[in-house]
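Novice: First the structure, then my questions, so here it is.
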Amino acid sequence: MTRRFDTGFAPHIPARASVASVMRQVLYALIPGVLAHCWYFGPGVLLQILLASLFAVGLEAAMLRLRRRPVLQGLQDFSALVTAVLFALCLPPLAPWWIALTGMFFAIVIAKHLYGGLGHNVFNPAMVGYVVVLICFPQSMTQWLPAAAPGSWSVGLWDSIASVLSGGPPATLQWDAISQATPLDTLRTGVNSGMTVDEIRAAPVFGDFGGLGWEWIANWYALGGLWLLWRRIISWQVPVTMIGSVVLLGLLAYFADPGSNPSPMQHVFSGALVLGAFFIATDPVSGCASNRGRLVFGAGVGILTLVIRRWGGYPDGVAFAVLMMNMAAPLIDRYTVPRCYGK
Amino acid sequence: MRLPAREQAELAGQRLYHFHGGLRLRHNKEVSCRSPLRRSRLPPRLYVPLLQHAGEPASALVVPGQLVLKGEAIARFEQPVAGFLHAPTSGSIAAIARHAISHPSGQEGLAVIIRPDGRDQWCALQPVVDWQTAEPITLRQKIGEAGIVGLGGAVFPTSAKLSDAHDKTIHTLIINGAECEPWISCDEMLMREQAARVIAGAAILQRATEARQTLIAIEDQMGEAGERLQAALDAFQANSRHDGRNASGQEQIRMVKVTTIYPEGGERQLIQVLTGLEVPAGQRPTDLGLLCQNVATAAAVADAILEGKPLVERVVTITGSGVHQPANLLALLGTPISDLIEQCGGYRQDAARLLLGGPMMGYALSSDANPMIKAANCVLVLNHADIAAEHPELPCIRCGECARVCPSILLPQQLQWDIRNGLLADASAHGLDACIECGCCDFVCPSQIPLTQWFRFGKAQWQQQLQEQSAATLARQRFEARELRLAAADQQRQQKLAQKRQSLKERRSRQPGDET
């Protein structure tokens, strides 16, 4: 007569969201930017993504196994893939394969799993990997190709594969002949040698308001980022304060000395700023938890990026700025606990 | 410009505000609203738990074999205020024995088991003859005698709440018809089918608290219930004007429609929507001059005052994907849930979980032998597909969704972290006590962390730690006082000894002189 039931705790209807779906949506949002990247820099980008993903998944599986965690379940959350893709997008298209391997080793093994795995990493793994290879392989990391429309790429698919696998320049070519400094690099060298920004901007690497090609890639990243905002995967605080602080500070610097400071537009549309604002600084694990904290975090990344670009030793500063703010995140969180109901 | 809290509270309902977070859930209410409200049949046995309100269990006033009439007091409780449990029907007392009692803990407890005689005969009832002119205190006493408790779920004795409200001179009575949890439709059906009772109860409650105005808050999606309630309200007001009895301010009853968003029916959330104010931590709505009562409580009050009937039955929603014919029943307290389910076509094949309350805040019962209690607004049967988690639990990725939906503006991820690591003082500093356990954070967590469960655990642990701390402090104070006392006594003794020695010495030095 009486029927017995298993019990459980409220709420009794489970969450339908999952970490995997969050990560998958981040990957989808990157698609337009990645395609734009390919459009201007050739198939090398896809090669880098493929390589980094393979290494990331392999290392993730190995680490999960070592740590006696369910391997398949761990891989299904797609977090390693997101790290790999974000990392690969920062590499020059023809970077040799060991760069991806080194980067992914530091990202997945050191920055992620040695700190406790998913959800426990203090630093953004992709940026740790990137900064390590930037410091270890400075030569390879500056060998960017000039932006060009499809068909006029200087290096084709097969040459790219050969180059990535061998580590040397494509057959019959020299690095000097095909590689080109990035717009930010050009700007930096130019300013350091006493040229005005207007003079520097006459160089062919510059486009309408940022770097040639780069500005359009940034737009497509922004489009993906807006989609993430609309899907509420990321919150507006970090992108807005990060780009906002760069624009504001850049504007001040530009008005103060237009000769040695580029316009804020130049800052926003070159390098990794837009990618960073929507996809990297918004990493929840290594960022701030509260909305007020996120405002501070985003502004911090923006300001530090500008400071590094202007006075630091590297042309772009997004990665370093993100890592520094990662360090500050727990402290910011401590001082930005929201006032709870009734207090 | 911001008004002082109490003054702003007086403007309740004049415009609507928002509370933080919340969820728009699929409410699934229509399935149980298709058939009209009907009375449940008399079961072969009624099991009336002695513990079905906040506080200690009641003590039985009857013995096995005794005959009782419907509405006769069968048990009396003292905490938090004195009150009674009443026989839900006429018959004989079969036993007072341990039985399943629909308690959240899942434990058994004493229940008065009644064998109905089938006549369902009321005892002598004493309505309050002319409530419009009755003293508020008389009304409150009568409500207390009728065993009425908050039927929205808190089951706190209504008379105690009313006295508190009267002591603090409230200005606004809020009748809460914003039944926000999915599946539950008992309040909606009550307002639809017995609107006049609800309105009468609201008017009586207003007189009992001497509030200046009454707001009946319903959800904007309750179309028909809203219309019927408005019609009943208009009729009531026309009537009282006709009688020339609007001195007690019944003109001031208004209906307010609020947006459907979970957990809007929470007392503190509803107050925020109606006034824009948060009830300060450690205070009660009455401190702002507000009192909330559920619509079902209002209906029960109407029965108690107009007909003298104590609380022996309530509307309960029997629903869920695991029930064949969901419906709302007017069921006697003590009716076994199995009996109610049977009257609704029985279980579907894949019925997997039996809940008392809604899917967000209700609790699971281990068997359908559990009886109807005053707090039971809904019996929900979910199937496997409803309750099955699609993903395993993963570590928190700090995405912040939980903080976005939290109506108490907490950082659930931070609280969870504190509690997991035993940092209960930190959790408390982060506002653990403000958590209303609505389950919104659980519902959006991509890592499937049972956050609410952690918070319940953390609260219990923190309470225990506080008790231990205060016990330790007390023990230390006692010990210190004892040491001080002993030291003082010792010192006194030493002083006396010294005095004695001194006087002895003096005497000795005098004595030889005396002898010479």
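Novice: When you go through (1) more than 30 Å from A:R3 (Cα to Cα); (2) within 26 Å of the chain's Cα centre (by Cα) one by one for B:T319, which number turns out not to apply?
Specialist: Condition not satisfied by B:T319: (1).
Novice: Also, quick follow-up: Of the residues that sit in region A:315-337 and are surrounded by fewer than 19 Cβ atoms within 10 Å (Cβ to Cβ) and more than 16 Å from A:P284 (Cβ to Cβ), which one is nearest to the other protein chains (Cβ to nearest Cβ)?
Specialist: Looking at the filtered set, the residue picked out is A:V337.
Novice: Please determine whether any residue of region A:90-106 is of a type in the set (S, T, Y), open to solvent by 10 Å² or more (accessible area, probe 1.4 Å) and farther than 30 Å from A:P146 by Cβ.
Specialist: Checked region A:90-106: no residue is of a type in the set (S, T, Y), open to solvent by 10 Å² or more (accessible area, probe 1.4 Å) and farther than 30 Å from A:P146 by Cβ.
Novice: Now for a different question. In this structure, does A:L223 turn out to be of a type outside the set (S, T, Y), under 22 Å from A:I308 (Cα atoms) and away from chain B (no Cβ under 14 Å)?
Specialist: No: the conditions fail for A:L223.
Novice: Here is a follow-up. Inside region A:164-181, can you point out the residues that are at pLDDT 80 or above and open to solvent by less than 50 Å² (accessible area, probe 1.4 Å)?
Specialist: Passing the criteria: A:V164, A:G167.
Novice: Can you go through A:L304, A:L295, A:L273 and tell me which one is away from every other protein chain (no Cβ under 14 Å) and open to solvent by 10 Å² or more (accessible area, probe 1.4 Å)?
Specialist: Of the residues listed, the single one that is away from every other protein chain (no Cβ under 14 Å) and open to solvent by 10 Å² or more (accessible area, probe 1.4 Å) is A:L304.
Novice: Still on this structure, please answer the following. Taking strands (runs of 3 or more DSSP E) that fall entirely within region B:21-134, which contain at least 2 residues that are modelled with pLDDT of 90 or more and open to solvent by 70 Å² or more (accessible area, probe 1.4 Å)?
Specialist: Those strands (runs of 3 or more DSSP E) span B:108-116.
Novice: Also, quick follow-up: Could we say that B:A208 is over 28 Å from B:G22 (Cα atoms) and in contact (Cβ under 8 Å) with a residue 24 or more places away in the chain here?
Specialist: yes
Novice: Just need a number here: residues in region B:389-402 that are on the phi < 0 side of the Ramachandran plot and buried (at least 19 other Cβ atoms within 10 Å of the Cβ).
Specialist: 7
Novice: I would also like to ask the following. Based on what the data block shows, is A:A61 within 9 Å of another protein chain (Cβ to nearest Cβ) and among the hydrophobic types (A, V, I, L, M, F, W, C)?
Specialist: Answer is no for this residue.
Novice: If you don't mind, there's one more thing I want to ask. For region B:273-296, what are the residues that are touching a Gly at 6+ places or on another chain (Cβ under 6 Å), closer than 27 Å to B:K374 by Cβ and either open to solvent by 10 Å² or more (accessible area, probe 1.4 Å) or more than 10 Å from chain A (Cβ to nearest Cβ) (or both)?
Specialist: Correct list: B:L274, B:N294, B:V295.
Novice: Same structure again: From the list A:P262, A:P239, which residue is farther than 23 Å from A:V82 by Cβ, in contact (Cβ under 8 Å) with a residue 24 or more places away in the chain and out of contact with any strand residue (DSSP E or B) (no Cβ under 6 Å at 6 or more places or on another chain)?
Specialist: A:P262
Novice: Name the residue that is most open to solvent (accessible area, probe 1.4 Å), counting only residues in region A:132-156 that are more than 19 Å from A:R188 (Cα to Cα), aliphatic (A, V, I, L, M) and at pLDDT 80 or above.
Specialist: Top of the filtered list is A:V132.
Novice: Against the condition within 14 Å of chain B (Cβ to nearest Cβ), in a helix (DSSP H, G or I), at pLDDT 90 or above and touching a Ser or Thr at 6+ places or on another chain (Cβ under 9 Å), how does A:A80 come out, does it pass?
Specialist: Spelling it out, A:A80 is indeed within 14 Å of chain B (Cβ to nearest Cβ), in a helix (DSSP H, G or I), at pLDDT 90 or above and touching a Ser or Thr at 6+ places or on another chain (Cβ under 9 Å).
Residues are listed down the side, and each one gets a yes or a no for (1) touching a Pro at 6+ places or on another chain (Cβ under 9 Å); (2) in contact (Cβ under 8 Å) with a residue 24 or more places away in the chain; (3) on the phi < 0 side of the Ramachandran plot; (4) not acidic (D, E):
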residue: A:R4; (1), (2), (3), (4): no, no, yes, yes
residue: A:H12; (1), (2), (3), (4): yes, no, yes, yes
residue: A:A29; (1), (2), (3), (4): no, yes, yes, yes
residue: A:V34; (1), (2), (3), (4): no, yes, yes, yes
residue: A:A52; (1), (2), (3), (4): no, yes, yes, yes
residue: A:R69; (1), (2), (3), (4): no, yes, yes, yes
residue: A:P96; (1), (2), (3), (4): no, yes, yes, yes
residue: A:A100; (1), (2), (3), (4): no, yes, yes, yes
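Novice: Still on this structure, please answer the following. Do we find a residue being free of Cβ contacts under 8 Å to residues at least 12 places away in the same chain, more than 14 Å from chain A (Cβ to nearest Cβ) and not small (G, A, S) anywhere in region B:224-231?
Specialist: Yes, region B:224-231 has at least one match.
Novice: Separate question: Please go through region A:125-180 and pick out each residue that is β-branched (V, I, T) and outside any helix (DSSP H, G or I).
Specialist: The answer is A:T142, A:V155, A:T172.
Novice: Just for region A:229-261: of the residues that are open to solvent by less than 70 Å² (accessible area, probe 1.4 Å), part of a helix (DSSP H, G or I) and farther than 30 Å from A:V19 by Cα, which one is farthest from the other protein chains (Cβ to nearest Cβ)?
Specialist: Restricting to residues being open to solvent by less than 70 Å² (accessible area, probe 1.4 Å), part of a helix (DSSP H, G or I) and farther than 30 Å from A:V19 by Cα, the top hit is A:A253.
Novice: Would you point out which residue out of A:G342, A:G250, A:G259 is more than 30 Å from B:R404 (Cβ to Cβ) and modelled with pLDDT under 90?
Specialist: Selected residue: A:G259, the only one of A:G342, A:G250, A:G259 that is more than 30 Å from B:R404 (Cβ to Cβ) and modelled with pLDDT under 90.
Novice: Run B:A481 past the list (1) away from chain A (no Cβ under 14 Å); (2) under 28 Å from the mean Cα position of the chain (by Cα); (3) among the hydrophobic types (A, V, I, L, M, F, W, C) and report the number of the one that doesn't hold.
Specialist: Going through (1) away from chain A (no Cβ under 14 Å); (2) under 28 Å from the mean Cα position of the chain (by Cα); (3) among the hydrophobic types (A, V, I, L, M, F, W, C) one by one, B:A481 breaks only (2).
The values are calculated or read from the model by the stated rules, or taken from the named source; none is laboratory data. Only a predicted model underlies this, so the values are computations on that prediction, with no experimental measurement involved. When we count neighbours, we look across all protein chains shown, and the Cβ atoms used for this are built from the backbone with ideal geometry, even at glycine. What goes into the accessible areas is simple: the full protein's heavy atoms, side chains included, and nothing from ligands, DNA or RNA. Shrake-Rupley method; radii C 1.70, N 1.55, O 1.52, S 1.80 Å.
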